[in-house]
Amino acid sequence: MTDPEIAVQAHVPGPIYRLVLHPQVADYAPASWAEIIQSLQATAFLGEAYPVDKKKRYYIGDKFLQMITFMGCSPHIEIEPRESGALDFCHIVFSDIPSKVLFRHHERDVYARCPECGRRDSNWPEFIDAWSEQPAKDYLCPNCESRMSPYAIGWRNSAGFARLFIDILSVHPHEAVPTEQLLLLLKKITGQDWVYFYCHA
């Protein structure tokens, strides 16, 4: 049976590049997105809902471009779907809020960097596989042998740990960054610092 609130069916073209915002404290999560969404709509960062599937999708608001800085002299930004149900345009998606921390990452050129010695670890997927089975597992740097929480690993905006994510779709890596205004607004709403990365999902 079709959900009566979904006007059209989502058309998924394949993986879409995106800018992803999340709380810096990985295990932070509110009871729901309601207050965050309401506040972001009140400031016109968010527009109306885009009801094509079960996800919390929204068009960008009138002040979106004041809170996200696109690089270059004349960036091309598609703010409307080219066809009914299309997903490959610039809009905003709020993730589910699971009970455990998730790890998300870009599909290539991702390296874990130790905050102690600054050297990178190309074998990080092995650690993440182990961490997914045992979330309390510490990360041991193979270079300087420093032991730390996996949340302390540096990813240079290519990965992140969190229980909730705000995805801004159709943004390529380093094509845009959140402004200080947006990050401070999210902190005001949640009491948490927010950070970001890029991925392709």
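Results, tabulated for the structure shown:
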read-out: Subset of the stretch 59-86 [in contact (Cβ under 8 Å) with a residue 24 or more places away in the chain and in contact with a Gly (Cβ under 6 Å, 6 or more places away or on another chain)]; value: TYR59, ILE60
read-out: Criterion violated by SER32 - all others in (1) under 20 Å from the mean Cα position of the chain (by Cα); (2) modelled with pLDDT of 85 or more; (3) of a type outside the set (Asp, Glu); (4) under 30 Å from HIS174 (Cβ atoms) satisfied; value: (4)
read-out: Residue match in the stretch 125-146 (condition: small (Gly, Ala, Ser) and touching a Lys or Arg at 6+ places or on another chain (Cβ under 7 Å)); value: yes
read-out: Residue under evaluation PHE161, criteria (1) of a type outside the set (D, E, K, R); (2) without any contact (Cβ under 8 Å) to a residue 12 or more places away in the chain; (3) part of a strand (DSSP E or B), criterion not met; value: (2)
read-out: Any pair with Cβ under 6 angstrom, 6 or more apart, that starts in the stretch 143-154 at a residue that is outside any loop (DSSP other than H, G, I, E, B) and ends at one that is of a type in the set (Lys, Arg); value: GLY154/ARG113
read-out: Matching residues, the stretch 87-135, being out of contact with any helix residue (DSSP H, G or I) (no Cβ under 7 Å at 6 or more places or on another chain), in contact (Cβ under 8 Å) with a residue 24 or more places away in the chain, farther than 30 Å from LEU40 by Cβ and not in a loop (DSSP other than H, G, I, E, B); value: ARG113, TRP124, ILE128, SER132
read-out: Residue count for the stretch 150-195, restricted to those that are more than 13 Å from the chain's Cα centre (by Cα), closer than 18 Å to TRP124 by Cβ and either modelled with pLDDT under 95 or not β-branched (Val, Ile, Thr) (or both); value: 6
read-out: Conditions (1) within 18 Å of LEU19 (Cβ to Cβ); (2) over 20 Å from the mean Cα position of the chain (by Cα); number of the one not met by PHE127; value: (1)
read-out: Number of positions in the stretch 83-100 that are crowded, with 17+ Cβ neighbours inside 10 Å and touching a Pro at 6+ places or on another chain (Cβ under 9 Å); value: 5
read-out: All positions within the stretch 27-58 that are in a loop (DSSP other than H, G, I, E, B), free of Cβ contacts under 8 Å to residues at least 60 places away in the same chain and hydroxyl-bearing (Ser, Thr, Tyr); value: TYR50
read-out: Residue within the stretch 108-130 that is of a type in the set (S, T, N, Q) and under 28 Å from ALA34 (Cα atoms) present; value: no
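The values are calculated or read from the model by the stated rules, or taken from the named source; none is laboratory data. Predicted, not measured: the structure shown is a model, and the values here were computed from it. Cβ sites come from the backbone with ideal geometry, for glycine too, and all protein chains shown count toward neighbours.
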